[in-house]
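Contents: one structure, followed by commentary.
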Amino acid sequence: MDVMTVPPFERFYEEQQGPVLAQLRGMLGRDAADDAFQETFLRALRAYPSLEHGRHLRAWALQIAHNVAVDVLRRRQATSVEVPDLESIDEPLPYEELRRLTAELPEKERAAVFLRYGYDLSYEDIGAALGSSSEAARQAASSGVRRLRKRELS
Amino acid sequence: MTVSPELDRSFRAAAAAEGLLDVAYALHDTPVGRLLVAVTDRGVCEIHYDADPAAEADRLARAFGSRVLRSPRPTDAVRRQLDEYFAGTRRDFDLEVDLRPAREFGRAVLEQLALVPYGEVTTYGTLAQRAGRPRAARAVGAVMNRNPVPIVLPCHRVVGATGSLVGYAGGLDRKRTLLELERALNPSS
């Protein structure tokens, strides 16, 4: 099947569930990520019939996940609920190290660093996922990395 | 990153509960092997022997829309009735069938096929006659071969004019098994 054809949702879901869950855990912590995971794929399912081709589906999925996570973070801020304790995760995660390292970065930089170095996504895809230009994504990632270096030195 | 079975199940159930699927399907083990059972909001749209789920998902997406997802709950009624049929406690299926992709003649034949009673057999020629094209026995054979919902639409009850089993998309052994289950075969045939 060529990339222009929108795949059955089953295939999209199978291929994007891992990256989506990783991004949501990176942004929200483990427990909130599960709820956001379901919301992300329900949103994707609602929008699925309007897709015109099967290109950039990874970036599309991560963008929806990002939007869902931002909504959750906004609600959290509005109700000033405490941020989940990211150190309380009880099992090692593939992206544990990166997640721990980036935990204190501003949200956009954190997402950009995570997608660039955790997923090896192009800046174009990261920009699409974050709803910004690829240049803005590159800047967010590099300023995130600068911030991490500074912290390491201090 | 691996999604836990609970989270996966929960999403698949929610997708169906919210009415967002064009097609929900499940794999179901029966005495004639593992069947892929698929339903739309209009009824059962596919039962497939020896299915390659990825290939079937592609086919279902082309026929009914791209929102095809493995989600067992909407298929519960079909799978329960299949279990009852194989247990010998059900003779007739009480299910809507979604035949949207079938062409006019195919649909007419399948509608006649649905009327062939449990435990009886008919012939390709008889079915052609009942569908309004008495000379189209061979075309009826082709429709049977592409029957989207075998067992529920009983193409196993259609045999040659001489009583020979002729053919079956799921293989002749399965045709024989189904007819024996319904006691529609003489021990000699």
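Couple of notes before you dig in:
- Checked against (1) part of a helix (DSSP H, G or I); (2) in contact (Cβ under 8 Å) with a residue 24 or more places away in the chain, A:Leu121 meets all criteria but (1).
- Any hit, segment A:47-54, residues being more than 8 Å from every other protein chain (Cβ to nearest Cβ), assigned to a helix (DSSP H, G or I) and under 19 Å from B:Val3 (Cα atoms): no
- Members of segment A:16-32 found to be more than 9 Å from chain B (Cβ to nearest Cβ), closer than 13 Å to A:His66 by Cβ and in contact with a Pro (Cβ under 9 Å, 6 or more places away or on another chain), listed by number: A:Leu28
- Unmet criterion (only one of (1) out of contact with any helix residue (DSSP H, G or I) (no Cβ under 7 Å at 6 or more places or on another chain); (2) part of a helix (DSSP H, G or I)) for B:Tyr118: (2)
- The residue that is surrounded by the most Cβ atoms within 10 Å (Cβ to Cβ), among those in segment B:112-168 that are over 29 Å from B:Arg34 (Cβ atoms) and of a type in the set (Lys, Arg), is B:Arg130.
- Check on A:Ala47, modelled with pLDDT of 85 or more, within 30 Å of B:Leu27 (Cβ to Cβ), surrounded by fewer than 16 Cβ atoms within 10 Å (Cβ to Cβ) and among the hydrophobic types (A, V, I, L, M, F, W, C): yes
- Residue check, B:Leu95 of a type outside the set (Gly, Ala, Ser), crowded, with 19+ Cβ neighbours inside 10 Å and within 18 Å of B:Leu153 (Cα to Cα): no
- Residue in segment B:103-126 that is within 23 Å of B:Arg176 (Cα to Cα), of a type in the set (D, E, K, R) and assigned by TED's automatic domain parsing to the domain that holds B:Val143 present: yes
- Residue, farthest from the chain's Cα centre (by Cα), within segment A:33-43, restricted to residues that are facing chain B (nearest Cβ under 7 Å) and surrounded by 21 or more Cβ atoms within 10 Å (Cβ to Cβ): A:Phe41
The values are calculated or read from the model by the stated rules, or taken from the named source; none is laboratory data. Owing to the predicted nature of the structure, the values given are computational and were not obtained by experimental measurement. As a convention, Cβ positions derive from the backbone with ideal geometry for all residues, glycine included, and neighbour counts pool all protein chains shown.
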